[in-house]
Amino acid sequence: MRIDVITIFPGYLAPLREALLGRAISAGLVDLAVHDLRTWTRDVHQAVDDAPYGGGPGMVMRPQVWGEALDAVLALDERPARIVVPTPAGRPFTQATAQAWSGDERLLFTCGRYEGIDQRVVDDARRRDLTVDEVSIGDYVLVGGEVAVLVMVEAVVRLLPGVLGNPASAEQDSFSDGLLEGPAFTRPEVWRGLAVPDVLRSGNHAKIARWRRDRALERTAERRPDLLAALPEDALDDADRAF
Ligand SMILES: CC(C)N1CCN(Cc2ccc(Cn3ccc4ccc(-c5n[nH]c(N)c5C#N)cc43)cc2)CC1
């Protein structure tokens with residue numbers, strides 16, 4: 001997978017070259033290129049923003065600079081790219097989104113700042129039959145798109161074959177079966193007077209699986225009843241319903 005990121009703060013994306021993601025890049029599983037939007041400015045001040053039409057607070061990012069940047073970065077590789085525009089007004093970015101995007105050959109992330117990017121940049125890309133997804137990582141307000149890109153790139157890249165040491169952990173992700181995962185424990189058996197639940201040391205795999213499922217159902221009901229309500233009819237078996 002090729003990943004391009006366009007931003008006025010390239011340094012914000014440095015964490016993508018650390019740890020797991022850095023190893024995925026070194027292993028050739030991901031090609032990452034971060035581009036400074038100001039490369040495509042033409043004025044001495046390298047202006048990327050201007051006052052909003054219709055008035056209102058803040059500034060809006062200018063379409064000319066973004067249009068030229070997108071054209072140039074898209075032309076760097078012939079593979080089709082999904083253009084991703086983080087925005088507070090976007091569709092929710094979920095695990096299902098990450099799963100879907102993990103099959104893409106190329107992702108191109110645009111990091112807005114100020115009050116966002118002139119809408120015509122997205123409109124122009126769509127009318128050229130480019131795939132453009134305007135997405136939000138959550139119901140809170142950030143200052144720009146860079147942090148959202150860090151979140152989305154990590155969520156997607158960890159799903160690529162060969163990235164996670166233990167692929168099973170991606171399969172048993174929270175949300176992968178529609179439930180939150182339950183509590184996890186490791187050594188020591190007792191820590192500050194708190195013991196690991198006996199069932200987890202029983203060696204009885206059927207009992208352990210049932211216990212883990214019950215804890216997941218309990219935690220989901222308590223913290224995310226919306227996820228429980230959204231489960232398909234056949235997602236819960238009789239033992240689940242008895243819980
Ligand atoms: C009309 C007028 C009164 N409104 C006033 C409040 N404005 C909302 C507003 C507020 C801040 C920003 C800053 N910003 C710039 C680019 C950018 C990309 C992503 C995000 C972002 N925030 N939260 C998320 N989950 C995001 C994602 N993904 C935020 C971004 C952008 C937009 C909208 C306009």
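Below are the figures for this structure:
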| read-out | value |
| --- | --- |
| When residues of the stretch 44-78 are limited to those that are loosely packed, with under 12 Cβ neighbours inside 10 Å and within 24 Å of residue 31 (Cα to Cα), the one nearest to the ligand (Cβ to nearest atom) | 75 |
| Of all residues in the stretch 66-82 being within 23 Å of the chain's Cα centre (by Cα) and small (Gly, Ala, Ser), the one that is farthest from residue 126 (Cα to Cα) | 69 |
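Values in this text are rule-based calculations from the coordinates and carry no lab data. On a predicted model such as this, the values are computed, not experimentally measured, just so you know. Here Cβ is always computed from backbone atoms with ideal geometry, including for glycine, and neighbour counts include all displayed protein chains.
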